[in-house]
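A quick write-up on the structure given underneath.
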Amino acid sequence: MYLESDLVRIGKRENNKKRNYLVVNRLQGKHIPVLPSEALSMFDALAEIIEKAYSGEKLLLIGFAETATAIGAEAAIKLGAQYIQTTREIVHGVSYLFFSESHSHATEQKLVREDIDKLVGGVDRIIFIEDEVTTGNTILNIVNIMEDRYNEGKNDLSCNLKFSVASILNGMSVDNLSLYEERGIKVHYLVKIDNSKFSEIADSYTADGKYIVCDTTKKIEVKQYEFTGWINSRRVVDSKEYQEHCLKLWDDIHNEISFESGSSVLVIGTEEFMYPALFIGSCIEKIGCRVRSHSTTRSPIEVCRFKDFDTYPVHERYELCSLYDDKRKTFIYDLDSYDKVLILTDSHYDGNNGVNSLVNALKKKNKDIYLIKWI
């Protein structure tokens with residue numbers, strides 16, 4: 001059983017007038033380094049709730065980028081369901097269903113339309129997977145688009161889709177929950193939270209932490225590997241096949257890189273590419289290493305040096321260049337020293353600035369760094 005106090009820390013968004021706070025889940029493996037097995041166990045607990053509610057139904061799980069992509073992937077694997085994530089990246093040669101996430105730092109979300117078109121007639125229910133639901137408006141945006149396209153009898157794609165939402169945290173008001181009930185959208189969660197004072201809490205913090213802008217031009221040589229077998233979860237994937245490919249990735253890594261039992265290892269994912277980092281991290285745990293995992297993120301969170309260090313979630317911010325786009329700023333928080341650091345990415349971008357900035361950030365406290373590209 002999880003409690004709000006176990007999971008929730010309130011961060012202060014930088015220059016966001018729509019919502020000044022960010023709910024940081026300390027076990028999620030996004031902004032805060034986490035023991036990978038603890039993150040996956042929490043995701044599994046959500047999957048168990050879904051399994052009990054929809055035993056026998058054919059499910060399509062949709063994980064929301066960035067922060068719920070790993071939750072959705074792990075839950076789909078546990079349920080044997082089809083899986084796709086939303087994305088803000090470019091997927092070549094496809095069309096999209098576009099919708100918005102109004103409070104976010106990056107508002108545009110999209111789904112590959114052709115993949116949804118192919119699946120809707122063969123599934124009983126679509127379940128949207130989130131880390132935290134505050135109002136439910138973002139999910140209503142995509143439900144409205146899907147109902148208009150698939151449930152209105154306007155074309156040969158028409159079917160009778162059912163919708164649900166499952167999240168680690170739920171802060172929806174009674175009115176928001178009633179609206180979902182009226183629409184026939186089922187709501188599931190691990191922990192109900194009260195977000196009424198989160199804005200006030202965020203305002204109370206002073207942004208007096210450490211801010212580091214990392215060099216994007218200085219190239220530091222690190223060990224690099226490219227392993228084949230990449231499955232792009234921005235397209236619909238069979239979850240069991242996805243798991244098999246992740247296992248192959250682990251075999252490839254383990255064959256090339258040695259890990260000493262008892263040593264400390266950090267596994268970093270990049271932006272939407274969270275699940276493989278947590279999965280590989282959990283495999284390294286099983287061979288006796290002390291492992292932490294988290295990911296780079298688009299979210300600009302203010303950092304604080306707080307008297308009670310555990311009260312505020314992040315304390316050092318490294319500003320990076322994205323591995324996917326030289327024009328995009330990304331961030332990573334609270335790096336520490338480890339015996340080995342693995343950077344896992346599915347970026348096929350040719351630019352070097354993103355890798356340079358992340359390696360320069362890591363080199364401040366680490367020596368043995370590996371860049372692993374899944375291609």
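The values are calculated or read from the model by the stated rules, or taken from the named source; none is laboratory data. Note that this is a predicted model, so its numbers are computed, not measured. Note that each Cβ is placed from the backbone with ideal geometry, even for glycine, and that neighbours are counted across all protein chains shown. To get the accessible areas, we keep the full protein, side chains included, count just its heavy atoms, and leave off ligands, DNA and RNA. Shrake-Rupley method; radii C 1.70, N 1.55, O 1.52, S 1.80 Å.
General remarks:
- In region 1-46, the ratio of gyration radius to Kirkwood radius, Rg to Rh, stands at 1.05 when only Cα atoms are counted.
- Estimated inter-spin distance, D124 and K365, nm [label 7 Å along Cα→Cβ]: 4.8
- Sparse-neighbour loop sites [GluC sites (Glu not before Pro); region 124-179; at most 15 other C-beta within 10 Å; DSSP]: E152
- Karplus (6.51, -1.76, 1.60) ³J(HN,Hα), θ = phi - 60°, over region 237-242, in Hz, Gly and Pro reported as x: 10, 6, 4, 5, 5, 4
- Heavy-atom accessible surface of region 155-280: percent carbon and sulfur, 1.4 Å: 45
- Inverse mean reciprocal Cα-Cα distance (Kirkwood Rh) of region 216-322, Å: 16.4
- Label-reachable residues, region 5-49, where backbone N falls under 15 Å from a point 7 Å from K286's Cα toward its Cβ: 36-38, 40-41
- Solvent-accessible area per residue, Å², over region 208-259 with all protein chains present [probe radius 1.4 Å]: 59
- Simple spin-label estimate for A207 and S264 in nanometres, 7 Å along Cα-Cβ: 2.9
- Net lengthening on full extension, D44/D238 (0.36 nm per residue, minus Cα-Cα): 68.1 nm
- At the listed q of 0.08, 0.11, 0.12, 0.15 Å⁻¹, the Debye profile of the chain, built from one uniform point per Cα, gives log10 I(q)/I(0) equal to -0.39, -0.75, -0.90, -1.43.
- Mean Cα-pair separation over length for the chain, i.e. relative contact order, pairs under 8 Å, 6 or more apart, %: 21
- With protein chains left intact and a 1.4 Å probe, residues in region 308-353 average 41 Å² of accessible area per residue.
- Simple spin-label estimate for K162 and D194 gives 3.3 nm between the two label positions (7 Å along the Cα-to-Cβ direction from each Cα).
- Potential extension, L3-R113 segment - 0.36 nm per residue separation minus Cα distance: 35.9 nm
- When only alpha carbons are used to place a centre, region 341-375 and region 237-269 end up 16 Å from one another.
- Judged by the gyration tensor of its Cα atoms, with axes a ≥ b ≥ c, region 1-106 is oblate; a/c meets the 1.5 cut and b/c is at least as large as a/b.
- T86, T135, ranked by accessible area, largest first (probe 1.4 Å): T135, T86
- Seen from a random direction on average, the alpha-carbon convex hull of region 231-277 projects onto 4.0 square nanometres.
- Result for the chain in a Gaussian network model with C-alpha springs under 10 Å: among A202, A76, A47, the largest mean-square fluctuation is at A202.
- Pairwise Cα distances in region 81-226 exceed 27 Å in 40 percent of cases.
- Among the protein heavy atoms, those of I126 account for about 0 Å² of accessible surface (1.4 Å probe, every chain in place).
- Counting DSSP beta bridges with both ends in region 277-375, the antiparallel % (nearest 5): 55
- Karplus-derived HN-Hα couplings along region 283-296 (A = 6.51, B = -1.76, C = 1.60, θ = phi - 60°), whole Hz, x at Gly and Pro: 5, 5, 4, 5, 9, x, 8, 8, 10, 10, 9, 7, 9, 5
- In region 313-364, trypsin sites (Lys or Arg not before Pro) in a DSSP loop with at most 13 other beta-carbon atoms within 10 Å: K327, K364
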